[in-house]
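Remarks on the structure that follows.
The values are calculated or read from the model by the stated rules, or taken from the named source; none is laboratory data. A quick note: this is a predicted structure, and the numbers were derived from the prediction, not measured. Glycine gets a Cβ as well: all are built from the backbone with ideal geometry, and neighbour counts include every protein chain shown. When the accessible area is computed, the model is the full protein with side chains, heavy atoms only, and any ligands, DNA or RNA have been set aside. Shrake-Rupley method; radii C 1.70, N 1.55, O 1.52, S 1.80 Å.
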Amino acid sequence: MPFIASNGLTEAGTAKTIAAGGMTVHYHDVGAGEPVLFLHSYGPGTTAWITFHKAVGLLSQHFRCILMDLPNFSKTGPIVYREGVHAVQVMGGSHIGTGGDRYLMANRPSEGSRATRQALDNPSRENIAHYLRVHIDDESLVTDELVDYIHRAHTWSQEFVEARRQSVSLPHDYTQELPGIQAPVLLIHGRYDRMVAFEVSIAILNHIADSRLLLLNNCGHWPPFEKSDEWTAQVIAFLRGY
């Protein structure tokens, strides 16, 4: 069985659900100690488990790791929303806001955004594979098993498909709210992220006083999957330091 954590934990074996906010919330609860909440990004077929399964084996030796599936992903939801998507799906790998051309140097829409849109409009196995090859720098990581997993996670429920189709993300901008963040922040970004250009993390760095940025070379949009050992070590060091 693919996508087993380093300590032998599986997705099915760690899955839990709870009723909250008028929906079912699906999550994984692994380890003991200080709780750490892990939120995934919002590409088609994303789940908390596939995002963090390479890291959770080691992380769970130090912390209680709660891997939460966000609304309309995996088995959390379904809901229909009409607001800024980041208000519903606060996540990693995100922009500060949407609407207009917010970049100074990078193209908009990005190559990753276009591949994502194509996969959402027509979630064929071929479009899912293309979407993954754009988002992951090392294409050898885009295996048949990964494509099958993402495709199945995105299309398993017609009810979820319809909820996503009806939902609308309105333009929004959270830039002015960033200086209010008082907690220490660690930003980890892939140098070759073709979805969210790393200039976004530089902009965030400029607005949050107690922040630092780690830029990983030969890495795309998915650092905990593509560079799991380094990502995990940096996260443990950061959390232990604070």
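In the chain, taking the dipole from charged Cβ atoms about the Cα centre, the farthest positive-side position among SER6, LEU214, VAL36 is held by VAL36. Think of a 1.4 Å ball rolled over the protein heavy atoms: the chain then has 50 Å² of accessible area per residue.
Relative contact order for the chain: what is it in percent, counting Cα pairs under 8 Å that are at least 6 residues apart? Walk me through the intermediate numbers first.
Values: 426 pairs, mean separation 49.0, N = 242.
Relative contact order, the chain: 20 percent.
Amide H contacts of GLY190 (H built 1.01 Å from N, in plane; Pro and chain starts excluded): LEU216 sit under 5 Å, all sequence-distant by 5 or more or on other chains. Only the Cβ atoms of Lys and Arg (+1) and of Asp and Glu (-1) were treated as charged; on that basis the dipole of the chain about its Cα centre amounts to roughly 240 debye.
Where does the chain land at 222 nm, in deg cm²/dmol rounded to the nearest 500, when only DSSP H runs of n ≥ 4 count, each adding -39500 (n - 2.57), divided by all residues?
-10500 deg cm²/dmol
Close amide H contacts of GLY97 (hydrogens built in the peptide plane, cut-off under 5 Å, sequence separation of 5 or more or a different chain): TYR174. Rounded, prolate or oblate: which one fits the chain, using the alpha carbon gyration tensor with axes a ≥ b ≥ c (rounded when a/c is under 1.5, else prolate when a/b beats b/c, else oblate)? Because its axes are fairly even, with a/c under 1.5, the chain counts as rounded. Would you give the gap between the C-alpha center of segment 32-108 and the C-alpha center of segment 130-205, rounded to a whole Å? If we compute the Cα centre of each part, the gap is 7 Å. Along segment 11-21 the Karplus relation, 6.51 cos²θ - 1.76 cosθ + 1.60 evaluated at θ = phi - 60°, assigns HN-Hα couplings of 4, 5, x, 10, 6, 9, 9, 8, 8, 7, x Hz to successive residues, with x for each Gly and Pro.
Taking the charge dipole of the chain about its Cα centre, with +1 at Lys and Arg Cβ atoms and -1 at Asp and Glu Cβ atoms, the residue from ALA233, PHE198, ILE79 reaching farthest to the positive side is ILE79. Build a GNM of the chain with springs between Cα atoms under 10 Å apart, and of HIS189, HIS154, HIS62 the one that fluctuates most is HIS62.
Taken about its Cα centre, segment 115-181 carries a charge dipole of about 240 debye when Lys and Arg each add +1 at the Cβ and Asp and Glu each add -1 at the Cβ. Taking amide H positions as modeled 1.01 Å from N, with prolines and chain starts lacking one, no residue 5 or more places away or on another chain lies under 5 Å from ILE4.
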